[in-house]
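Novice: Below is a structure I'd like to ask you about.
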Amino acid sequence: MRLPNFTALNRLLLSTLMVAIVVGCGFKLRGAISVDLPFKTVYVSGVPDTSPFSQVLKAQLRANGIGVVPEEYKDRAEVILRVLGDQQMKTVLAVNPTGLAREYRLSYRLGFKVDSGSGIELYPATTIDLSRDISFNPQTAQEVLSKEQEDAMLIRDMQNDAAIQVMQRLSTIRVPAGTVLTAPKKASATQGTKPAKTTPDVLTTPTGMQPLDGVGQ
């Protein structure tokens, strides 16, 4: 009995079908991890709400009973999680005899720090680095497109992993008894006291990070 001959067209159809199935199902949170966090409310700054990382992180926080505070109420949050930046990279690891890439590495890096609403540093600026190695041997333009779709899904998967790692690190924060996490209430203007003049925080982006829109706002 002869085995079926898997030509380049066969490989393309199979690859396209697999991508279509995954895309059709949509990317979903793999499941919330359960962690013990020493706060009840958090404001996430430095990252747009439309960011896949932001969406996954906030879903994880809410699943653990943490209230995610909107920007207009950020002064009431016990904790401010500042996303300092993120970066996606693609590095060629090996080439074929014709000089084309045949193996590469996808990398995702995210920087963050955590302060209390009252200004106490709870977790210093740090980075999370993730990567995936990929074999690459496309035969047609359609296969190149299919590979690009796979890359996008792998980046999304690493963003999911980064959110989980942030949650795990948040669980290591220890707050001394009696510590006031929320910012002090501002004096009311009706009491004859002028509101304190505030200046925006200037965040230092870790070396090699690409700042996101909204950092420091």
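The values are calculated or read from the model by the stated rules, or taken from the named source; none is laboratory data. Only a predicted model underlies this, so the values are computations on that prediction, with no experimental measurement involved. Note that each Cβ is placed from the backbone with ideal geometry, even for glycine, and that neighbours are counted across all protein chains shown. Keep in mind that these areas ignore ligands, DNA and RNA; they rest on the heavy atoms of the full protein, side chains included. Shrake-Rupley method; radii C 1.70, N 1.55, O 1.52, S 1.80 Å.
Novice: Could you list, in sequence order, all residues of segment 72-113 that are surrounded by 13 or more Cβ atoms within 10 Å (Cβ to Cβ), among the charged types (D, E, K, R) and farther than 20 Å from Met153 by Cα?
Specialist: Scanning segment 72-113 gives Lys74, Asp75, Arg76, Glu78, Arg82, Lys113.
Novice: Is it the case that some residue within segment 22-42 is surrounded by fewer than 19 Cβ atoms within 10 Å (Cβ to Cβ), among the charged types (D, E, K, R), part of a loop (DSSP other than H, G, I, E, B) and modelled with pLDDT under 90?
Specialist: yes
Novice: Of everything in segment 55-97, what is within 18 Å of Ala125 (Cα to Cα) and either modelled with pLDDT under 95 or touching a helix residue (DSSP H, G or I) at 6+ places or on another chain (Cβ under 6 Å) (or both)? Give them in sequence order.
Specialist: Once the filter is applied, which keeps residues that are within 18 Å of Ala125 (Cα to Cα) and either modelled with pLDDT under 95 or touching a helix residue (DSSP H, G or I) at 6+ places or on another chain (Cβ under 6 Å) (or both), segment 55-97 yields Leu57, Gly85, Asp86, Gln87.
Novice: So, one more: Residues that are surrounded by 13 or more Cβ atoms within 10 Å (Cβ to Cβ) and modelled with pLDDT under 50: does segment 182-202 have at least one?
Specialist: As a first pass, look at segment 182-202 and keep what is surrounded by 13 or more Cβ atoms within 10 Å (Cβ to Cβ): 182-183, 201.
Still in the list and also modelled with pLDDT under 50: 201.
Within segment 182-202 (the criterion being surrounded by 13 or more Cβ atoms within 10 Å (Cβ to Cβ) and modelled with pLDDT under 50), the answer is yes, since at least one residue qualifies.
Novice: Let me ask something else. Check segment 59-80 and report whether any residue there is within 17 Å of the chain's Cα centre (by Cα) and closer than 26 Å to Asp133 by Cβ.
Specialist: no
Novice: Pairs please, first residue from segment 171-183 and under 21 Å from Asp75 (Cα atoms), second anywhere and open to solvent by less than 50 Å² (accessible area, probe 1.4 Å) and among the charged types (D, E, K, R), Cβ atoms under 6 Å, 6+ apart in sequence or on different chains.
Specialist: From residues that are under 21 Å from Asp75 (Cα atoms), the pairs are Leu181/Glu78; Thr182/Glu78.
Novice: Which condition number in (1) out of contact with any Lys or Arg (no Cβ under 6 Å at 6 or more places or on another chain); (2) touching a residue at least 40 places away in the same chain (Cβ under 8 Å); (3) charged (D, E, K, R) is the one that Asp133 fails?
Specialist: (1)
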